[in-house]
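S.K.: This is the structure I want to talk about, given as structure tokens.
Only the coordinates and a few stated rules stand behind these numbers; no lab work does. It should be emphasised that the depicted structure is a prediction, and the values quoted were computed from it without experimental measurement. Because the Cβ atoms are built from the backbone with ideal geometry, glycine has one as well, and the counts that use them run over all protein chains shown.
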Amino acid sequence: MNKQLKLIVILISLLLTNVQMSCDDSDTCEDAVCTLVLIRISVSITDQDQTPVVLDSYEVINLENGENITVSLSPAEQEQELQLGQYLLIEDDVLGVNQIQQIQFRGFINDQEVISSDYTVSTDCCHVSLVSGNLELTL
């Protein structure tokens, strides 16, 4: 899927979420009506020639408490990541609701950290979203 189409899908999902979500003023989510769309935010890694980079492994760390919050993927999803050079940073339901978190992506080749990038993500009653950080990294 090309980058423009991905962006359009994300924007439509966020728009639908905003239209259908209704948290009350007390910041509880009891009355929230959420879409069934699973929001996933991925990091794309390429080399200088724009070739996808194949990492041996990666991890996502919650910088507040040092917890490894890397999402487990099926073998098919892992294979797709490798082919596209895109790695899952965060998805819905990893963090609690109504939070802002600092997280860090770390990529490894031959057990050596080759890339690292910090992100700020937030959650509402339903979905995760990117506040800051570059999702297109060059190695």
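S.K.: Once the other residues with Cβ under 15 Å from the Cβ of residue 127 are scored (Lys, Arg +1; Asp, Glu -1), what is the net sum?
M.R.: -3
S.K.: Taking just the alpha carbons, could you work out the radius of gyration and Dmax for the stretch 40-138, both in angstroms?
M.R.: For the stretch 40-138, the Cα radius of gyration and maximum Cα-Cα distance read 13.2, 40 Å.
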